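In what follows, a structure is listed as structure tokens, so that the remarks can point back to it.
All of the numbers you see were taken from the coordinates with simple rules; none came from a lab. All of these numbers come straight from a predicted model, not from anything done at the bench. Because the Cβ atoms are built from the backbone with ideal geometry, glycine has one as well, and the counts that use them run over all protein chains shown.
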Amino acid sequence: MLITDLDQLQAIYHAPPTPASTVKEVDWITPEYRRLIEASPFVALATSGPEGLDCSPRGDGPGFVRVADRRTLILPDRRGNNRIDSLRNIVRDPRVALLFLIPGSGTMFRVNGRAAISAEPELLASFAVEGAAPRTAIIVKVEAAYFQCARAIVRSGLWDPDQHVDPGALPTPGAILAALSAGEVGGKTYDETWPARAAQTLW
């Protein structure tokens with residue numbers, strides 16, 4: 001049976017939310033929430049646009065997402081593959097969602113809000129690493145902020161070394177590209193040179 005309306009859904013999840021699941025949500029960054037952001041080296045950025053949804057991984061040193069004030073976050077847009085799917089979406093639909101992960105911790109942190117893209121030189125210079133500044137920065141106005149409990153992390157064993165997958169058991173980026181392009185892109189050479197290319201475009 002497919003659920004097709006809210007009444008059907010509510011009949012299944014009829015118990016009210018616990019107080020802990022609702023009191024944690026606020027529309028600003030608390031001091032405790034700031035500590036979670038500043039400990040995180042990774043965030044998933046979700047956006048929406050005319051072509052559909054996008055969820056983009058963003059990573060850098062812990063605290064790379066700057067808390068400008070209690071209702072404003074700023075993310076540097078580090079060099080990548082130039083697809084700019086997230087940025088295209090933000091220009092046309094400012095709604096965004098962020099999910100922060102902290103290595104070794106089961107606690108995740110979530111933010112919903114509205115974003116804008118800045119190319120202001122002074123702001124970008126303030127995010128420079130090893131002399132390289134990002135080309136743009138994403139400014140997020142916080143509308144909802146709350147922590148996510150550890151159940152998903154615990155169930156997945158994400159930080160458990162015994163659960164880590166051997167990279168040799170997975171297809172490499174070069175192999176995937178070669179399969180999709182009938183050998184025109186990717187392959188062994190791609191895999192051998194990828195670390196050097198990644199280092200050149202890291203910042």
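With charges only on Cβ, +1 for K and R and -1 for D and E, what is the dipole size of the range 69-143 about its Cα centre, in debye, rounded to 20? Numbers along the way, then the final one.
Values: 12 positive and 8 negative charges, 57 e Å.
Result for the range 69-143 is approximately 280 debye, rounded to the nearest 20.
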Original post:
Once Kirkwood radius over Cα pairs in Å is worked out from the coordinates, which option in [x] 18.1; [y] 19.6; [z] 17.2 does it equal?
Top reply: [y]
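Counting other Cβ atoms within 10 Å, which GluC sites (Glu not before Pro) in the range 20-70 have at most 16 and lie in a DSSP loop? Walk me through the numbers before you get to the answer.
Working: sites: E25, E32, E38, E51; in loops: E25, E51.
When the GluC sites (Glu not before Pro) of the range 20-70 are filtered for loop state and at most 16 Cβ neighbours within 10 Å, E25, E51 remain.
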Subject >> Under 5 Å, built H, 5+ apart or other chain: amide partners of T72 >> reply: V142
Original post:
Say each of A182 and Q148 gets a label point 7 Å from the Cα, pointing the same way as Cα to Cβ; how far apart are those two points in nm?
Top reply: 4.0 nm
Subject >> Of L9, L87, G174, farthest towards positive along the dipole that unit charges on Lys, Arg, Asp, Glu beta carbons give the chain >> reply: L87
Original post:
Along the range 152-158, what does the Karplus equation 6.51 cos²θ - 1.76 cosθ + 1.60 (θ = phi - 60°) give for ³J(HN,Hα), rounded to whole Hz, x for Gly and Pro?
Top reply: 5, 5, 5, 5, 7, x, 4
Original post:
Using 1/(1 + (r/R0)^6) with R0 = 22 angstrom and r between the beta carbons of S105 and T22, what's the FRET efficiency to the nearest 0.05?
Top reply: 0.50
Original post:
Which value, in debye to the nearest 20, gives the size of the charge dipole of the range 9-150 about its Cα centre, when Lys and Arg are +1 and Asp and Glu are -1 at the Cβ?
Top reply: 60 debye
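Where a ≥ b ≥ c are the square roots of the eigenvalues of the C-alpha gyration tensor, would you call the range 94-203 rounded, which needs a/c under 1.5, or, failing that, prolate if a/b is larger than b/c, or oblate?
Details: a/c = 2.13, a/b = 1.18, b/c = 1.80.
Because a/c hits 1.5 or more and a/b fails to exceed b/c, the range 94-203 counts as oblate.
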